[in-house]
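In what follows, a single structure is set out as structure tokens and then discussed.
The values are calculated or read from the model by the stated rules, or taken from the named source; none is laboratory data. Only a predicted model underlies this, so the values are computations on that prediction, with no experimental measurement involved. Reconstructed Cβ throughout: ideal geometry from the backbone, glycine too, with neighbour counts over all protein chains shown.
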Amino acid sequence: MAPVLSVTGLRKRYGRINALKGVDLEVGSGELVGLLGPNGAGKSTLVKIACGLVRPSGGTVRVAGAAAGSTAARRSFGYLAELFRFPGWMTADEVLTLHQRLASSAGGAAERVELLELVALADARRLRVAAMSKGMQQRLGIAQALVGGPALLLLDEPTSALDPSGRRIVRELLEELRARGISVLLNSHLLSEVERVCDRVVIVDHGAVVAAGTPDELRHPGGVEIETAGGVRAFRDARREDVPRLVRELVAAGEEIYGVRVVTATLEDVYLELVE
């Protein structure tokens, strides 16, 4: 099956600045891919090109098989910007009605009810945006991105301003979307969230992909820590199979052992190693 989003050799130059330097990226059907990188790495430029808002200097981007920026491509994705704002006087139902008109969706009231239920806002249908919490507005933003049943969602920092409860709700929502076969490209700085929910991760720095793979593929062993009477002893180059030998050597040296921990680098550790 062809990928829902296909980015090949993507380049973008702003004057003397190379924002993107030949980026390759794919998002498969029903796949949730995390896009990571520091500010200025080129993530937002990539997303804007996929949306058809910015023209590339080279390379190709295809959405559901159609060239980015074409009418067919625009009908195939939903987008939620990091900084979005709905009119405060509108109700949740009115916001979705407006976006149905903009997207030429014929879903009507049934679609609006289904989307509000999906994002846990069924009881807020008549609530005005101005009276909503940040988390409710964020979920309403995801609902509007789903108007018309797109095959792909482009989400820019959807959990950055939420509390832990709000992030969990959005995380569960993303997992539900994946179960429904909707693909998601998630641009986020919250590495712990990406690590927990994404099938694959792409790390971009200075306009180039510096690492890509599943979270498990990107993580690597971080050594062994052994708690002794004298404190924690760290063996950074050791692996799990070295534990029996290390324990024997410490016991032979008169140490008392209270605990052993095999350390695995988190996605955040890997990210910092690559970009810093």
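Suppose we filter Gly223, Gly213, Gly207 for residues that are in contact with an Asp or Glu (Cβ under 9 Å, 6 or more places away or on another chain) and on the phi > 0 side of the Ramachandran plot; which single one remains?
Numbers: Gly213 fails: in contact with an Asp or Glu (Cβ under 9 Å, 6 or more places away or on another chain); Gly207 fails: in contact with an Asp or Glu (Cβ under 9 Å, 6 or more places away or on another chain).
From the options Gly223, Gly213, Gly207, the qualifying one is Gly223.
Using beta carbons and a limit of 6 Å, which pairs, at least six apart or on different chains, have the first residue in the range 50-79 and farther than 26 Å from Ile17 by Cβ and the second one surrounded by 19 or more Cβ atoms within 10 Å (Cβ to Cβ) and among the hydroxyl-bearing types (Ser, Thr, Tyr)?
Ala64/Ser76
Considering only residues that are at pLDDT 95 or above and part of a helix (DSSP H, G or I), which ones fall in the range 64-98?
Once the filter is applied, which keeps residues that are at pLDDT 95 or above and part of a helix (DSSP H, G or I), the range 64-98 yields Ala92, Asp93, Glu94, Val95, Leu96, Thr97, Leu98.
In the range 250-276, which residue that is hydrophobic (A, V, I, L, M, F, W, C) and out of contact with any strand residue (DSSP E or B) (no Cβ under 9 Å at 6 or more places or on another chain) is farthest from Ala234 (Cα to Cα)?
As a first pass, look at the range 250-276 and keep what is hydrophobic (A, V, I, L, M, F, W, C): 250-253, 257, 260, 262-263, 265, 267, 270, 272, 274-275.
From what's left, out of contact with any strand residue (DSSP E or B) (no Cβ under 9 Å at 6 or more places or on another chain): 252-253, 272.
Working: Ala252: 18, Ala253: 16, Leu272: 20 Å.
Ranking the qualifying residues of the range 250-276, first place goes to Leu272.
Out of the residues in the range 181-204 that are of a type in the set (D, E, K, R) and free of Cβ contacts under 8 Å to residues at least 60 places away in the same chain, which is surrounded by the fewest Cβ atoms within 10 Å (Cβ to Cβ)? Spell out how you get there, then give the answer.
Taking the range 181-204 as the starting set, the residues that turn out to be of a type in the set (D, E, K, R) are 193, 195-196, 199-200.
Now restrict to residues that are free of Cβ contacts under 8 Å to residues at least 60 places away in the same chain: 193, 196.
Details: Glu193: 21, Arg196: 15.
Restricting to residues being of a type in the set (D, E, K, R) and free of Cβ contacts under 8 Å to residues at least 60 places away in the same chain, the top hit is Arg196.
Might you let me know whether the range 54-63 holds any residue that is assigned by TED's automatic domain parsing to the domain that holds Leu153, hydrophobic (A, V, I, L, M, F, W, C), at pLDDT 90 or above and part of a helix (DSSP H, G or I)?
Let us first name the residues in the range 54-63 that are assigned by TED's automatic domain parsing to the domain that holds Leu153, namely 54-63.
Within this subset, residues satisfying the condition of being hydrophobic (A, V, I, L, M, F, W, C) are 54, 61, 63.
Narrowing the set further to residues that are at pLDDT 90 or above leaves 54, 61, 63.
With the extra rule that they be part of a helix (DSSP H, G or I), the set shrinks to none.
Within the range 54-63, none of the residues are assigned by TED's automatic domain parsing to the domain that holds Leu153, hydrophobic (A, V, I, L, M, F, W, C), at pLDDT 90 or above and part of a helix (DSSP H, G or I).
For the range 127-150, enumerate the residues that are surrounded by fewer than 15 Cβ atoms within 10 Å (Cβ to Cβ) and either part of a helix (DSSP H, G or I) or modelled with pLDDT of 95 or more (or both). Break it down into steps so the answer makes sense when it comes.
To start, the set of residues in the range 127-150 that are surrounded by fewer than 15 Cβ atoms within 10 Å (Cβ to Cβ) comprises 130-131, 133-134.
Those that are surrounded by fewer than 15 Cβ atoms within 10 Å (Cβ to Cβ) and either part of a helix (DSSP H, G or I) or modelled with pLDDT of 95 or more (or both): Ala130, Ala131, Lys134.
Working carefully through the options Val262, Val247, find the one that is assigned to a helix (DSSP H, G or I) and not assigned by TED's automatic domain parsing to the domain that holds Gly28. Explain how you work it out, then say what you get.
Values: Val262 fails: assigned to a helix (DSSP H, G or I).
After ruling out the rest, the residue left standing is Val247.
Of the residues that make up the range 2-10, is at least one farther than 24 Å from Val194 by Cα and modelled with pLDDT of 95 or more?
Yes, there is a match, as at least one residue in the range 2-10 is farther than 24 Å from Val194 by Cα and modelled with pLDDT of 95 or more.
Looking at Leu185, Leu154, which is the one that is aliphatic (A, V, I, L, M), assigned by TED's automatic domain parsing to the domain that holds Leu102 and over 24 Å from Thr97 (Cα atoms)? Please lay out each step first, then the result.
Details: Leu154 fails: over 24 Å from Thr97 (Cα atoms).
Just a single option satisfies the conditions, and that option is Leu185.
When the range 183-201 is examined, which residues are found to be under 17 Å from Thr266 (Cβ atoms) and out of contact with any Gly (no Cβ under 6 Å at 6 or more places or on another chain)?
Hits for the range 183-201 are Ser188, His189, Leu190, Leu191, Ser192, Glu193, Glu195, Arg196, Val197, Arg200.
If you take the residues of the range 213-271 that are small (Gly, Ala, Ser) and under 30 Å from Val33 (Cβ atoms), which of them is farthest from the chain's Cα centre (by Cα)?
Going residue by residue through the range 213-271, those that are small (Gly, Ala, Ser) are 213, 222-223, 229-231, 234, 238, 252-254, 259, 265.
Among the residues that remain, those that are also under 30 Å from Val33 (Cβ atoms) are: 213, 222-223, 265.
On the way: Gly213: 13, Gly222: 25, Gly223: 28, Ala265: 20 Å.
Among those residues, the one meeting the criterion is Gly223.
Would you confirm, using the coordinates I've provided, whether Gly230 is touching a residue at least 24 places away in the same chain (Cβ under 8 Å) and exposed (fewer than 15 other Cβ atoms within 10 Å of the Cβ)? Show your work before the answer.
Numbers: touching a residue at least 24 places away in the same chain (Cβ under 8 Å): yes; exposed (fewer than 15 other Cβ atoms within 10 Å of the Cβ): yes.
Here the answer is yes, as Gly230 does meet what is asked.
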